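The structure under discussion appears below in the form of structure tokens.
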Amino acid sequence: MTRMAQRADPSTSAGFRALCDDLGLCFGGDYNPEQWPRSVWNDDVELMVRAGVNLVTVGVFSWAAIEPSPGERAFGWLDDVLDLLHRNGIAVDLATPTASPPPWLGHLHPETLPVDADGVRLVAGSRNQFSPASAVYRSHALAIARDLAERYADHPAVRMWHVGNEYGQLDHGDEAAREFRGWLKRRYGTIERLNDVWGTTVWSQAYRSFDEILPPRRTPYLVNPAQSLDFRRYTSDQLLLCYTEQRDAIRATGARQPITTNFMGFFPHVDYWSWSDEVDVVADDEYPDPASEHAAADIALVQDLMRSLGHGRPWMLMEQTIGAVSWREHNLPKTSGAARLGVLQAVAHGADGVAFFQWRQSHSGAERFHSAMVPHAGADTEVFRGVERLGADLRRLKPVVGHSVEASVGILFGWPSWWAGEEPARPTGRLRTLEQVQRWYRELWRRGVAADVVRPGAELDVYRVVLVPHSYLIEPDTAAALHRAVAAGTRVVIGPFSGVADRNGRILQGRSPVLLHELIGASGEEWTALPEGPTLLQVDEAWDVGAPVAATASVFAERLRSDGAEVLAMFGDGALAGHPAVTRHRFAGGRVWYLGAIVSDALLSAVIDDALQDAGVENALGEAVLPGRPLPVGLEAVRRGSALFLLNHGSEAAQVTLPATMHDLLTNSEVGRAVAVQPGAAMVLIEGLTQ
Ligand code: GAL
């Protein structure tokens, strides 16, 4: 099969920058004209122009419309759509329609259909019915991608390519088994090596040859966690191959536009660190749940991940919803105010484009109740008027195009660690990696402190503070980077159950965390679930954290001892009474905090305050971070380039003192140093009007 071909082309990565220099912030949505008679298309384009839409994604689900029968090509309607959009000044992000093959493909070639872990072959009638391992699927997908690119590479409307949609399919079928075995052979070379790494002496699992290995299908009892971890790695790589081979086919036609596909935030089945250098612009689909009290902070984390995946470069919010989605059990709508805040928030965190799913609400199909920019009721609606206002807002924000967000804090996150850390049969199933990352990030968010998400193995000394909320796998390169960073003065805070296992999930032998305990100045000997309810911790009175802290632990803890670290909090009762729960240790020029338990929000907050203050970190307003002094509740403050975004997600007016009098790009007016940001309101402030 095709090798992993060339990486994203740097000259085309610059293509997204050029596009935004030209169009300003991109604004638009998924446009599915094949669902509508031609009479509607003119209306669509007129409304797009009215709303200031300048980029639409066309063709994501149009395979059957382009290839009604095998090998046939029906491009006429697409020619007309692209010409119409171009005549009206609307650029196109043209999609390869390969996420949803027509029913004929599965009918003629059942092996193209995916198989689940129970051996059930999934069928057509929905979407995503393809096996990423299927040679027949891949050759059909490549053919249509190539033909599209040959026809439209030089079409003046086409300014970006969008390969497939939300890659994330799982497949446990026979072709997946074949590809998985090939992947394992390339990784391990010999079956003896694989047996060693997988620990197959346990439960008599030794394989005689690669041919005996299967994807982790339904088994009588727990699957070998190393097998499962490798299958996840293989799945991510196999999907990436589906993307890169289409990308390369497009590029081979001479197309020069940036090429991308849409990510899905912290999506569990794809390691985006291994994907991100393969796309010319990072693009993401974001559907925060309006019912979640943490929605604003949690999506900010996703947006910081997207910026970080692209090495700080502007990214694109490819899909979001204007109102309600239709795929949750109970679909609370976004208010138009929340939709506006969401858009501005993405721009604040580095997006140079925001688009919605979808332009016109479908009259049929599974998404008939999913909101859209033009609802069933038409343009004479609150929703569409909100869309017009968004277009106007985004035009005013052109000065931020191309600028990045500078972060002095990094948060370590890697997919294999997430995968290995959540395999079944651990001390507790209640310690969830992403939940911990989100909790820690919220502490930064409510202080207005910017953060990058950092890939394992990256240099860390560029940050004043590095947070490691829960990194079950810490490889030697990451451990070395942590040591170097701390030696250079970085403050590091490490959460429980980190550095437990090697890259294959094998538990490291010795006092834990084996590769880090010198850095931490403390070490552990046992991991343990805690009884229901909070376990009391005693905070050291000499630790100056501003105010008394409600210090408890729950769910999970480690039996720690200090090997020189200060003990900031210790267990007050239970089986661990007298053992440290939180430690702090000076190491060369820096300091390291270690949390040997899942601690209460108040204690976590105090630890993070301590580290931020110790490192001299400032918030987006340029103020030093001081213990117990977060921003007003619900206020988000982000600095992008010289623009200060103030977004009030809360329900009370937020009083803010600005570093200087400033100019609000959204209202084109001057504001004094004392401002009140009303609930649901936003300001994008710059000093002076020189840009
Ligand atoms: C995305 C998908 C879109 C649409 C949307 C609905 O996952 O890419 O095609 O289905 O969800 O929220």
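The packing ranking, built from the mean of other Cβ atoms within 10 Å per residue, places the peptides 640-649, 76-85 in the order 640-649, 76-85, highest first. Taking all Cα pairs closer than 8 Å and separated by 6 or more residues, the relative contact order of region 108-265 comes to 35 percent. Tell me whether region 409-615 comes out rounded, prolate or oblate; compute the Cα gyration tensor, take square roots of the eigenvalues as a ≥ b ≥ c, and use a/c under 1.5 as the rounded threshold. Because its axes are fairly even, with a/c under 1.5, region 409-615 counts as rounded. Take every Cα pair under 8 Å in region 219-280 that's 6+ residues apart, average their separations, divide by the length, and report that relative contact order as a whole percent. It rounds to 44 percent for region 219-280.
For T261, the amide hydrogen comes within under 5 Å of the amide hydrogens of V163, A283, counting only partners 5 or more places away or on other chains and with H modelled in the peptide plane. Rolling a 1.4 Å probe over the protein heavy atoms gives region 635-687 an accessible area of 38 Å² per residue. Under 5 Å between amide hydrogens, built in the peptide plane, is the criterion, and for F556 it picks out L530, I598 among residues at least 5 positions away or on other chains. With K and R counted +1 and D and E -1, the other residues having a Cβ less than 10 Å from that of N54 yield a net charge of +1. The share of accessible area on the chain that comes from carbon and sulfur is 52 percent, using a 1.4 angstrom probe. If you add up the charges near R127, with Lys and Arg at +1 and Asp and Glu at -1, over every other residue whose beta carbon is less than 11 angstrom from its beta carbon, what do you get? It works out to a net charge of -2. If you take all other residues with their beta carbon under 9 Å from the beta carbon of R17, and give Lys and Arg +1 and Asp and Glu -1, the sum is -1. Sparse packing (at most 13 other Cβ atoms within 10 Å of the Cβ) combined with a DSSP loop state is found for the following trypsin sites (Lys or Arg not before Pro) in region 426-456: R430. Expressed to the nearest 5 percent, the antiparallel share of DSSP beta bridges inside the chain is 50 percent. In loop segments of region 305-408 as defined by DSSP, the trypsin sites (Lys or Arg not before Pro) with at most 13 further C-beta atoms inside 10 Å of their C-beta are R328, R368.
When the Cα gyration tensor is reduced to axis lengths a ≥ b ≥ c, the ratio a/c is 1.5 or higher for region 635-687, and with a/b above b/c it is classed as prolate. Of all alpha-carbon pairs in the chain, indicate the percentage at a distance above 47 angstrom. Counting pairs separated by more than 47 Å, the tail of P(r) holds 20 percent. A DSSP coil position with no more than 15 other Cβ atoms inside 10 Å describes the following GluC sites (Glu not before Pro) in region 478-564: E532, E541. Return the percentage of antiparallel bridges among DSSP beta bridges fully within region 409-615, rounded to the nearest 5 %. Given both bridge residues lie in region 409-615, the antiparallel proportion sits at roughly 60 percent. Rolling a 1.4 Å probe over the protein heavy atoms leaves Y243 with an accessible area of roughly 0 Å². Take every Cα pair under 8 Å whose residues are at least 6 apart in sequence, average their separation, divide by the length of region 409-615, and the relative contact order is 21 percent. State whether region 85-219 is rounded, prolate or oblate according to the following rule on the C-alpha gyration tensor (a ≥ b ≥ c being the square roots of its eigenvalues): a/c under 1.5 gives rounded; otherwise a/b larger than b/c gives prolate, and the remaining case gives oblate. Since a/c reaches 1.5 and a/b is larger than b/c, the shape of region 85-219 is classed as prolate.
The values are calculated or read from the model by the stated rules, or taken from the named source; none is laboratory data. Treat the numbers as computed from the prediction; the structure is a model and nothing was measured. Glycine gets a Cβ as well: all are built from the backbone with ideal geometry, and neighbour counts include every protein chain shown. When the accessible area is computed, the model is the full protein with side chains, heavy atoms only, and any ligands, DNA or RNA have been set aside. Shrake-Rupley method; radii C 1.70, N 1.55, O 1.52, S 1.80 Å.
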